[in-house]
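These notes are about the structure you will find just below.
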2 protein chains.
Amino acid sequence: MTEVRTEIRQGTYADSVVLMQLQSELARLEGVLDAGVVMGTPANLELLKSSDLLSEAAETAGTDDLIIVVLAESEDLAIQALSNVDSFLVRGAATQTDDYRPKSLRTAKEMLPESNWALISTPGKWAGEIAREALDLGLNVFLYSDNVSLDDEVSLKTRSTSSGQLVLGPDCGTTLIGGVGFGFANRVRRGPIGVVAASGTGIQAITSRIHQLGSGISQAIGTGGRDLYARVGARTARQALDLLARDPHTEVVVLASKPPEPAVAARLLSSALRIDKSIVVQFSGFSPPASRVCNLLFARSLSEAADLAVDLADGQTSTTEDLRRPYRGGLLRGLFAGGTLALEAVQGLAPFLYPLFSNLASDLAEPLTGQTALEGHSILDLGGDEYTVGRLHPMMDQQLRIQLIEKASLETDLGVILMDVVLGSGSHPDPAAELAPVIGKARNSSGAEFLVIVIGTDEDPQGLAATCARLEEAGATVLSSVTDAVGLVASMLSTPEELTGDMPGDSEGHPVGLDTLGTPTAINVGLESFYDELVEQEVSAVQVDWRPPAGGDEQIISVLKRMRS
Amino acid sequence: MTEVRTEIRQGTYADSVVLMQLQSELARLEGVLDAGVVMGTPANLELLKSSDLLSEAAETAGTDDLIIVVLAESEDLAIQALSNVDSFLVRGAATQTDDYRPKSLRTAKEMLPESNWALISTPGKWAGEIAREALDLGLNVFLYSDNVSLDDEVSLKTRSTSSGQLVLGPDCGTTLIGGVGFGFANRVRRGPIGVVAASGTGIQAITSRIHQLGSGISQAIGTGGRDLYARVGARTARQALDLLARDPHTEVVVLASKPPEPAVAARLLSSALRIDKSIVVQFSGFSPPASRVCNLLFARSLSEAADLAVDLADGQTSTTEDLRRPYRGGLLRGLFAGGTLALEAVQGLAPFLYPLFSNLASDLAEPLTGQTALEGHSILDLGGDEYTVGRLHPMMDQQLRIQLIEKASLETDLGVILMDVVLGSGSHPDPAAELAPVIGKARNSSGAEFLVIVIGTDEDPQGLAATCARLEEAGATVLSSVTDAVGLVASMLSTPEELTGDMPGDSEGHPVGLDTLGTPTAINVGLESFYDELVEQEVSAVQVDWRPPAGGDEQIISVLKRMRS
């Protein structure tokens, strides 16, 4: 008859590595069939339950309680196994160092005054306070801990951006600073590619592949998974982009994230568009605006992001030939006859112009309040059902569009009018003849730019060359695809300064010094293994012998004391 | 003092081209400042209002009423202008043909017995009934009309798929059959590229660019904008894909759409995956699963879709080297340590496996009902916060994953276990040593496939080559990216037959004959300009002199009669 036996140690803290080792040791004992050593969170209780290790005693445990469970072949063997817990913990301690370890971050900083980084991997409930202390001490923070509140993240990053320090995280798994890996990091050669990512394994996948392809990494800066949430406003990602833009060793940048919120994506991409380096963007689950927009290349996967970055670094591809104009500002008025072209313009421009309004049903755009109302940047599909009941499609009848061009040209803040002209059978017999005078007049009176995407062939009845020539004579810029238009419009109208909303402005922060990217000197608080990795990478480092400030279980504290004696 | 004068003709139908001409004629009269000729829909009323042409009389008009408005310099001039309406309509008629025109589709079919297509562009409220009549007569239908109900679309397409006929539309703007353009179509050379698109201007942009790049089009089949709605189930798109798969003149296929519903996308892409031709997929606003999945290439814009298709047709790129396995069926269990890798797997596989469950918050996956519950295909991020409170990250502690592998191997319908192994500092010192025996055992007992994505470098402490070798010895297939895994898993597990749900099965329909793709012979009902285009393309065609079955205004009907006399 098997027996499940549970021991609960209330209010106990122990290094997770120690817990894992304890669990392995228990499971290896003769007569023990299974063992569990976990904190009493609901998720862990469910995991114990699914392994048939959940006793009534364990069910009462709280999230701060340490649960030790064994499943043994008999009651005696279970009791005997649990009696070994303390001695296992002592034995585990024997492998640890005998060096003196400071109890606080402050003492550690005194021991290693040149230290410029704190690595923090304590349980989340204490990590925010430790990070705050680290900032006080002038350190940059690599915050591995998860389960840190969003409020804490916003407060830490508001402070660090204004003081020009970095807070990477919380929940930042991976970073490479000055060739040194923090947290989970692959051994990669140094090289011309810098990475900014709100994604730990994203950085690992990208940097590993870049290395395996023969290139290398200048810096890889993790931001934490929530940095691109609207409330956080990509504060760390923008600091990191700015750093890599200035870093002379970084030639190409990879910007990766889980799907960002639209306002944040627009903010970040607008900043990226102003950087004079090629940037590969890989946002998972994000509909890319195009394959390329000015200096930005949009990858569809982590591996493609690495491949593109290496091609750029090797000069096998470049972004220099891309259409780009100086910033001029003002509003966009998109007036489309072709629905799919309008949708492609929304998809292409929503990542740069926020908010973008449209009558098209799209996740990417805000709905218009009236069918002809124009608020902020807008893109209208004039072929939508609401415009075509009882009237001809705008590809045949241009009257409505002409009316809207005239109306838009009276707006004081008009920046760009973007439209399509679709040639071919069935369409208007000579659209340019009707549009050119209207464009010429509206352009003169408003000073706005006119971009016209002409879709057609040299065999179409209207004449492709003649149509383009006539529109160009009227002062319009003629393009052959929506993608070409996206680059022009984004460069002319998209600016991070116009997208502030609730987000912090780029200008409010203090730039982070480039010396932050040198070889780090670090203080580690939390997982011993991260300290060991620093030492193995020949980094000057100090491990803080951190304990939760209060409430530790007396019994386990005495065990831990013995471990250190 | 200017004067707005309105005339309402109740329950009146007229060809939209005639209305547009009337409007231009009125606007050109001396003393007339502006004119409007529209049906009285709410949208049109709003447009009149924004042009200051909306009188009280017009406000009372219904959607079937024709509104004729003039803004003139004086009351007299306004009255005089309106008095010209009838004579303008007569003059417009003079340009029309004197040929005998049948009044019904049935008579037209008797006049042109070899006809195999009906082009329908009447107002939407009558178009469904006409399409039904066309199907009765054995015709395929190009249904340009919009404002046709979704119910009508489903009923028409249910019928046409079972009889092996095509219904392109409603709201189908563009199609090229046997080199002949229907509706809005560009003049393009014939060639090896076939197009299927739920998007009219999408077809125009793609086919025009392909022509301009020097290649050509075999067929371009429009499906109507709602064909990829769940209720319609991509019936027409699947018929069209099947046709192009069998068409010997089509070497490469482009499949384009506005964003499809997930279940429909999965259904369509699963069908596409079984076709032995390269297919370029361009779904606007859709997060692409990868750059390439087996024979499918995912474009990020219409222009890129055209570019890729031409490259494939010219042999400058190919899809042959892609990872692909025979279909084997069963469920997917994704057990990931890396969150971004898990997310990339969701993004990559959701378009092929529907529904896909995950603990990751993603638009692409259904939430799991319990943290460890496994329903249908599933992908778990074991590094999620809910698994890591008070325990080590799964990149260090593999116990939970081992437990879940053992559990999954007991399931009878297990098909593939997909997982990652992330090497590097901070991670488990030898993950393969722990996983290989578990994989070997689970593989033997379950017969399932094990795919392991290994992320790391040759300099990582665990040894990349040794890790891969050990996993391969245990029978796992080792891959270096999520993208590689997506192709293998999709080909092994994705099948349209498993995704039926509320959608019609592929097998329920009758295949459309390849002769449908020959030079068409057509009957046109609605816009005269479409008939003119057919004639200009030297197609045998008949124009039906269609009138609404009842309720036409007596006055305008007499005018229209005079027009035809």
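The values are calculated or read from the model by the stated rules, or taken from the named source; none is laboratory data. The structure presented is a predicted model; accordingly, all values stated were derived computationally and were not measured. With ideal geometry, Cβ positions are generated from the backbone for all residues, glycine too; neighbour counts draw on all protein chains shown.
Please verify whether segment B:412-423 includes one or more residues that are of a type outside the set (V, I, T), over 25 Å from A:N44 (Cα atoms) and either within 12 Å of another protein chain (Cβ to nearest Cβ) or assigned to a helix (DSSP H, G or I) (or both). If you could, list the steps in order and put the result at the bottom.
The initial filter retains those residues of segment B:412-423 that are of a type outside the set (V, I, T), namely B:413-415, B:418-420, B:423.
Pick out the ones that are also over 25 Å from A:N44 (Cα atoms) and you get B:413-415, B:423.
From the residues that got through so far, the ones that are either within 12 Å of another protein chain (Cβ to nearest Cβ) or assigned to a helix (DSSP H, G or I) (or both) too are B:423.
Yes, segment B:412-423 contains a residue that is of a type outside the set (V, I, T), over 25 Å from A:N44 (Cα atoms) and either within 12 Å of another protein chain (Cβ to nearest Cβ) or assigned to a helix (DSSP H, G or I) (or both).
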I'm checking my understanding of the structure. Among residues of segment A:539-565 that are at pLDDT 95 or above and out of contact with any helix residue (DSSP H, G or I) (no Cβ under 6 Å at 6 or more places or on another chain), which one is nearest to A:P113 (Cα to Cα)? A:S540
Reported set for segment A:319-361 where residues are under 18 Å from A:C294 (Cα atoms), surrounded by fewer than 24 Cβ atoms within 10 Å (Cβ to Cβ) and of a type outside the set (F, W, Y) is A:T319, A:T320, A:E321, A:D322, A:L323, A:R324, A:R325, A:P326, A:R328, A:G329
Would you list the helices (runs of 4 or more DSSP H) that sit entirely within segment B:195-279 and hold 1 or more residues that are crowded, with 23+ Cβ neighbours inside 10 Å, within 11 Å of chain A (Cβ to nearest Cβ) and touching a strand residue (DSSP E or B) at 6+ places or on another chain (Cβ under 7 Å)? B:200-212
Hey, among A:L418, A:L404, A:L414, which residue is modelled with pLDDT of 90 or more and surrounded by 23 or more Cβ atoms within 10 Å (Cβ to Cβ)? A:L418
Checking the condition part of a loop (DSSP other than H, G, I, E, B) and modelled with pLDDT of 95 or more, which residue from A:V188, A:V141, A:V148, A:V154 passes? A:V188
Are any of the residues in segment A:402-415 touching a residue at least 40 places away in the same chain (Cβ under 8 Å), under 43 Å from the mean Cα position of the chain (by Cα) and under 24 Å from B:G173 (Cβ atoms)? yes
Pairs under 6 Å by beta carbon, first residue more than 12 Å from every other protein chain (Cβ to nearest Cβ) and farther than 9 Å from B:V148 by Cα in segment B:121-132, partner of a type in the set (A, V, I, L, M, F, W, C) and in a helix (DSSP H, G or I), six or more apart or different chains? B:A131/B:L156
Of the conditions (1) surrounded by 24 or more Cβ atoms within 10 Å (Cβ to Cβ); (2) closer than 22 Å to A:V482 by Cβ; (3) of a type in the set (A, V, I, L, M, F, W, C), the single one that B:F286 does not satisfy is (1)
Tell me which residues, restricted to segment A:18-40, are closer than 21 Å to A:E528 by Cα, of a type in the set (A, V, I, L, M, F, W, C) and touching a residue at least 24 places away in the same chain (Cβ under 8 Å). A:V18, A:L19, A:L22, A:V37, A:V38, A:M39
Condition test on A:L297, is it in contact with a helix residue (DSSP H, G or I) (Cβ under 8 Å, 6 or more places away or on another chain), part of a strand (DSSP E or B) and either aromatic (F, W, Y) or free of Cβ contacts under 8 Å to residues at least 60 places away in the same chain (or both)? yes
Residues of segment A:175-192 classified as within 8 Å of chain B (Cβ to nearest Cβ) and closer than 16 Å to A:A522 by Cβ, total: 4
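Identify, from the list A:L302, A:L332, the residue that is touching a residue at least 24 places away in the same chain (Cβ under 8 Å) and in contact with a His (Cβ under 8 Å, 6 or more places away or on another chain).
Result: A:L332 is the single residue among A:L302, A:L332 that is touching a residue at least 24 places away in the same chain (Cβ under 8 Å) and in contact with a His (Cβ under 8 Å, 6 or more places away or on another chain).
Has segment B:440-457 got at least one residue that is under 19 Å from A:F182 (Cα atoms), within 14 Å of another protein chain (Cβ to nearest Cβ) and either part of a loop (DSSP other than H, G, I, E, B) or more than 38 Å from the chain's Cα centre (by Cα) (or both)? Give the derivation first.
Of all residues in segment B:440-457, those under 19 Å from A:F182 (Cα atoms) come to B:455-457.
Now drop any that are not within 14 Å of another protein chain (Cβ to nearest Cβ), which leaves B:455-457.
Okay, now just the ones that are also either part of a loop (DSSP other than H, G, I, E, B) or more than 38 Å from the chain's Cα centre (by Cα) (or both), so B:456-457.
Yes, some residue in segment B:440-457 is under 19 Å from A:F182 (Cα atoms), within 14 Å of another protein chain (Cβ to nearest Cβ) and either part of a loop (DSSP other than H, G, I, E, B) or more than 38 Å from the chain's Cα centre (by Cα) (or both).
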Find the residue count for segment A:346-362, including only residues that are part of a helix (DSSP H, G or I) and at the interface with chain B (Cβ under 10 Å from one of its Cβ atoms). 3
Among the residues of segment A:67-114, the number that are surrounded by 17 or more Cβ atoms within 10 Å (Cβ to Cβ), modelled with pLDDT of 85 or more and more than 20 Å from A:Y531 (Cβ to Cβ) is 12
Being within 11 Å of chain A (Cβ to nearest Cβ) and part of a loop (DSSP other than H, G, I, E, B) is the filter here, so list the residues in segment B:395-411 that pass it. B:M395, B:M396, B:D397, B:Q398
